[in-house]
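The values are calculated or read from the model by the stated rules, or taken from the named source; none is laboratory data. What you see is a predicted model, and the numbers here were worked out from it, not measured in a lab. Positions of Cβ are backbone-derived with ideal geometry, glycine not excepted, and every protein chain shown enters the neighbour counts.
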Amino acid sequence: MPYRVSLPPERRVDASVHSPAASPIPENPVTPVAAGNTTRPILAKRRPRPRRTMYGYPWPDAISGLGDRRVRSFDLCTDCHRGTWIVYGDKPLCLACAQEKTQGTS
Ligand SMILES: [Zn+2]
């Protein structure tokens with residue numbers, strides 16, 4: 001037996017919403033102008049960060065004696081029992097312990 005389902009009234013898409021004239025983005029962006037005496041420019045140019053070759057900075061890529069850095073399921077650091085996703089070889093290490101080990105070897 002078929003049953004009836006009452007659907008909500010069909011929404012009509014207002015044509016003016018999609019017209020470019022109603023775009024929320026103004027065609028002419030407003031240029032910020034400093035008013036009065038400002039001690040420093042509003043849009044100070046950021047100093048570019050120095051490029052690092054290490055992908056997972058500040059994590060060391062590998063620890064000698066343990067192995068390369070890999071991401072695993074959440075585990076506890078073998079040294080300090082903090083939670084970490086990073087293992088070196090089969091040894092989960094937190095950031096502090098991993099950095100400590102690389103500083104000790106290099
Ligand atoms: Zn640790």
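For this structure, a couple of remarks:
- Any hit, region 35-47, residues being more than 16 Å from the ligand (Cβ to nearest atom), loosely packed, with under 11 Cβ neighbours inside 10 Å, polar (S, T, N, Q) and at pLDDT 75 or above: no
- Residue match in region 63-78 (condition: touching a helix residue (DSSP H, G or I) at 6+ places or on another chain (Cβ under 6 Å), near the ligand (Cβ under 10 Å from one of its atoms) and at pLDDT 85 or above): yes
- Candidates are the residues of region 61-83 that are among the hydrophobic types (A, V, I, L, M, F, W, C) and over 15 Å from residue 100 (Cα atoms); the one that is surrounded by the fewest Cβ atoms within 10 Å (Cβ to Cβ) is 74.
- Look at (1) outside any strand (DSSP E or B); (2) at pLDDT 70 or above; (3) exposed (fewer than 10 other Cβ atoms within 10 Å of the Cβ) and you find that residue 97 fails only one, number (3).
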